[in-house]
Amino acid sequence: MGTVINKEWFEELSSAAPTPGGGGAAALAGAAGASLGMMVSNLTVGKKKYAAVEDEIKEYLVRLEKLRDEMLSLIEADAEGFAPLAAAYSLPTSTDEERAEKDRIMASALKEACHVPLRTMEKGTEILEIIDVLAVKGSVMAVSDAGVAAQFVRTAVLGASMNVFINTKTMKDRALAEEYNEKAEKLNAFAADKADEIFKKIEEGLKCR
């Protein structure tokens, strides 16, 4: 995983440094959501009341651990992915050859810069699908944590989309830009609807309505 999340990391996040930034913060939210899903799972397994679903919950626990670790690795990957793009913006454009070379490098850097946030979004939807099940089959003692998890992951997905859109905005290959935009929009719609559905269901249950 590599990245250590501590006070120093947050100080860097709050500074004028370009990284870590919104993309890393979005991945961090995803890791938090997956971790809360693991918490719900761990509070469910081993309980007689949930013996019938124990094997299923154990599978979710394994999947969530992998997804959490992937989200954590995406924090660092987001920062690494921004470096080539930042360098590309500084390339010289004094001659036609230099401008052509900059365009070539920029196109490649923008494409690569979209990959990490799209990956964050894809992983986020996977986490939400598991949280949706845990909200029903997991321990009732931790159902509120499932609701928090859903909203953390919602933030991860929608937040990561900002990094997609800011990069596609400057792409000269508009067909590719629209392909990425459409993918991000679909993932956003799924995540927003699913997370809010989970949250509302849990909220209503807790309020006994």
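The values are calculated or read from the model by the stated rules, or taken from the named source; none is laboratory data. All of these numbers come straight from a predicted model, not from anything done at the bench. Note that each Cβ is placed from the backbone with ideal geometry, even for glycine, and that neighbours are counted across all protein chains shown. Side chains included, ligands, DNA and RNA excluded: accessible areas come from the protein's heavy atoms. Shrake-Rupley method; radii C 1.70, N 1.55, O 1.52, S 1.80 Å.
Miscellaneous remarks
- Residue identified as within 17 Å of the chain's Cα centre (by Cα) and at negative phi among E59, E12, E80, E97: E80
- Cross-chain or 6+ apart pairs with Cβ under 7 Å, the range 118-147 first and farther than 20 Å from M71 by Cα and modelled with pLDDT of 95 or more, then open to solvent by less than 10 Å² (accessible area, probe 1.4 Å) and not in a helix (DSSP H, G or I): G138/T44; S139/T44
- Among the residues of the range 40-57, those that are part of a helix (DSSP H, G or I) and surrounded by fewer than 20 Cβ atoms within 10 Å (Cβ to Cβ) comprise N42, K48, K49, Y50, A51, A52, V53, E54, D55, E56.
- Some residue of the range 36-44 being under 16 Å from the mean Cα position of the chain (by Cα) and either under 23 Å from S161 (Cβ atoms) or charged (D, E, K, R) (or both): yes
- Selection count where residues are touching a Ser or Thr at 6+ places or on another chain (Cβ under 6 Å) and open to solvent by 20 Å² or more (accessible area, probe 1.4 Å), scope the range 7-33: 0
- Top-ranked residue in the range 65-75 [being touching a residue at least 12 places away in the same chain (Cβ under 8 Å) and open to solvent by 30 Å² or more (accessible area, probe 1.4 Å); ranked as farthest from M141 (Cα to Cα)]: S73
- When R68 is tested against (1) assigned to a helix (DSSP H, G or I); (2) in contact with a Leu (Cβ under 9 Å, 6 or more places away or on another chain), just one condition goes unmet, and that condition is (2).
- Residue tally, condition farther than 23 Å from A184 by Cα and part of a helix (DSSP H, G or I), over the range 86-128: 13
- Of the residues screened, G138 is one that is open to solvent by less than 20 Å² (accessible area, probe 1.4 Å) and not aromatic (F, W, Y).
- Unique match (being open to solvent by 60 Å² or more (accessible area, probe 1.4 Å) and at pLDDT 95 or above) among V62, V4: V62
- Taking each residue of the range 154-182 that is without any contact (Cβ under 8 Å) to a residue 40 or more places away in the chain and over 30 Å from F199 (Cα atoms) and looking for partners that are of a type outside the set (S, T, Y) and outside any helix (DSSP H, G or I) with beta-carbon atoms closer than 9 Å, six or more apart or interchain, yields A177/K169; A177/M171.
- Any hit, the range 162-181, residues being in a helix (DSSP H, G or I), out of contact with any Asp or Glu (no Cβ under 9 Å at 6 or more places or on another chain), buried (at least 20 other Cβ atoms within 10 Å of the Cβ) and charged (D, E, K, R): no
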